[in-house]
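For reference, the structure discussed in these notes is given below.
The values are calculated or read from the model by the stated rules, or taken from the named source; none is laboratory data. If you're wondering where the values come from, they're calculated on a predicted model, not measured in any experiment. FYI the Cβ positions are ideal-geometry reconstructions off the backbone, even for glycines, and counts take in every protein chain you see. Protein only, heavy atoms only, side chains kept; ligands, DNA and RNA dropped before computing areas. Shrake-Rupley method; radii C 1.70, N 1.55, O 1.52, S 1.80 Å.
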Amino acid sequence: MNQFRTLSRQLPLSTRGFASAARPVSSRRVANWVPVAAGVAAAAGVAYYSSAQVHAESKKALTDPNEWTEFKLAKVDTVSHNTKHFVFELPQKDQILGLETAGCILTKFTREENGKNVIRPYTPVSDPDQQGTFELVIKVYDKGLMSKHIHSLQPGNTLAVKGPITKYKWEPNMHREIALLGAGTGITPLYQLMHRINKDPKDQTKVHLFYGNVTEDDILIKDHIDAIAKQNPDQFKVHYFVDKPTKEWKGQTGFINQDYLEKNMFKPGDHTGNVKIFVCGPPPFYDAFSGNKVSPQDQGELTGMLKDMGFNKDQVFKF
């Protein structure tokens, strides 16, 4: 994971959110406005706020969720034997991507052999406030058409992106405690939540992360996760699980299991039920913990380990 240290320096570990491009209007300025007529004042107000809104929108590279935009690959680094870190350029250096937490983007390419489009969602690991670029960490899979395509890209090549898509709009302190259950590349939306909460000093949500992988090398964004937990150990609790550990491994061995969750996570009725569990991983992971979604709009029924623990459908969100 040494190659990922570069990304650790690039991504702010204690900041997340959106910068407003509209200049605030001070009370002193308002007091000095003496319009000749109410109609003039109304027109000026509309013009001012319309201009501010256009200016704010111009700072976002993605403004239409139905429009595909090509972004140039600026840099690619190897993270592990099957994972790479990609940095894509935005059209303007002072632009942000336009993503909200928790949200993702869609990527697209056309297969040469049959002319069909392949479309897959990905969650950027870069801060939404990051200007000029956005970043993806992607693991390649044997049957992953999109992951193979993106891994084949070289600096200067482009990738078609559409969005943003907001999956669970986060508000500070909307839950007293949350648990993040993930495996493999499912860490990216979970890390996005961690990062957002850690950025806001007013957000006192307690976070429990349970993250499973096959080997230690498969743990993605570990430097970032560890930095957050080290900075705020009382607020962020991190539990790593590795199925095939080395002799030096100091985390948990095997798979995330119900007994461990019951001992290290909140109960369904804690904080009068104001708790939430977020799940993200491959289909078998969903099957074990929560059941799969029916569709992006339909979370489906809650099944699996979390139901056995007494949680209800409204307390679990499946990315």
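Residues of segment 85-106 being more than 16 Å from residue 133 (Cα to Cα) and either part of a strand (DSSP E or B) or open to solvent by 10 Å² or more (accessible area, probe 1.4 Å) (or both), which ones?
103, 106
Go through 143, 148, 162 for me and flag whichever is at negative phi, part of a helix (DSSP H, G or I) and assigned by the TED database to the domain that holds residue 93.
None of the other options fit; the residue is 148.
Which of the residues belonging to segment 253-304 are over 25 Å from residue 240 (Cβ atoms) and among the hydroxyl-bearing types (Ser, Thr, Tyr)?
Within segment 253-304, 272, 295, 303 meet the criteria.
Note down all Cβ pairs under 8 Å where the first residue falls in segment 247-274 and is touching a residue at least 60 places away in the same chain (Cβ under 8 Å), the second is among the β-branched types (Val, Ile, Thr) and not in a helix (DSSP H, G or I), and they're at least six residues apart or on different chains.
As it stands, the answer is 266/275, since those pairs meet every condition given.
From the set of residues in segment 131-140 that are free of Cβ contacts under 8 Å to residues at least 60 places away in the same chain and not in a loop (DSSP other than H, G, I, E, B), which is most open to solvent (accessible area, probe 1.4 Å)?
It comes out as 133.
Step by step: first the residues of segment 266-319, then only those that are assigned to a loop (DSSP other than H, G, I, E, B) and hydroxyl-bearing (Ser, Thr, Tyr), then the one that is most open to solvent (accessible area, probe 1.4 Å). Which residue is that?
Ranking the candidates gives 303 first.
Within segment 71-93, is even one residue touching a residue at least 60 places away in the same chain (Cβ under 8 Å), in contact with a Leu (Cβ under 9 Å, 6 or more places away or on another chain) and on the phi > 0 side of the Ramachandran plot?
So far as segment 71-93 goes, no, none of its residues is touching a residue at least 60 places away in the same chain (Cβ under 8 Å), in contact with a Leu (Cβ under 9 Å, 6 or more places away or on another chain) and on the phi > 0 side of the Ramachandran plot.
Restricting to segment 187-240, name every residue that is in a helix (DSSP H, G or I), polar (S, T, N, Q) and closer than 23 Å to residue 121 by Cα.
Within segment 187-240, 188, 192 meet the criteria.
Which is under 30 Å from residue 89 (Cβ atoms) and free of Cβ contacts under 8 Å to residues at least 12 places away in the same chain, of 143, 222?
Result: 143 is the single residue among 143, 222 that is under 30 Å from residue 89 (Cβ atoms) and free of Cβ contacts under 8 Å to residues at least 12 places away in the same chain.
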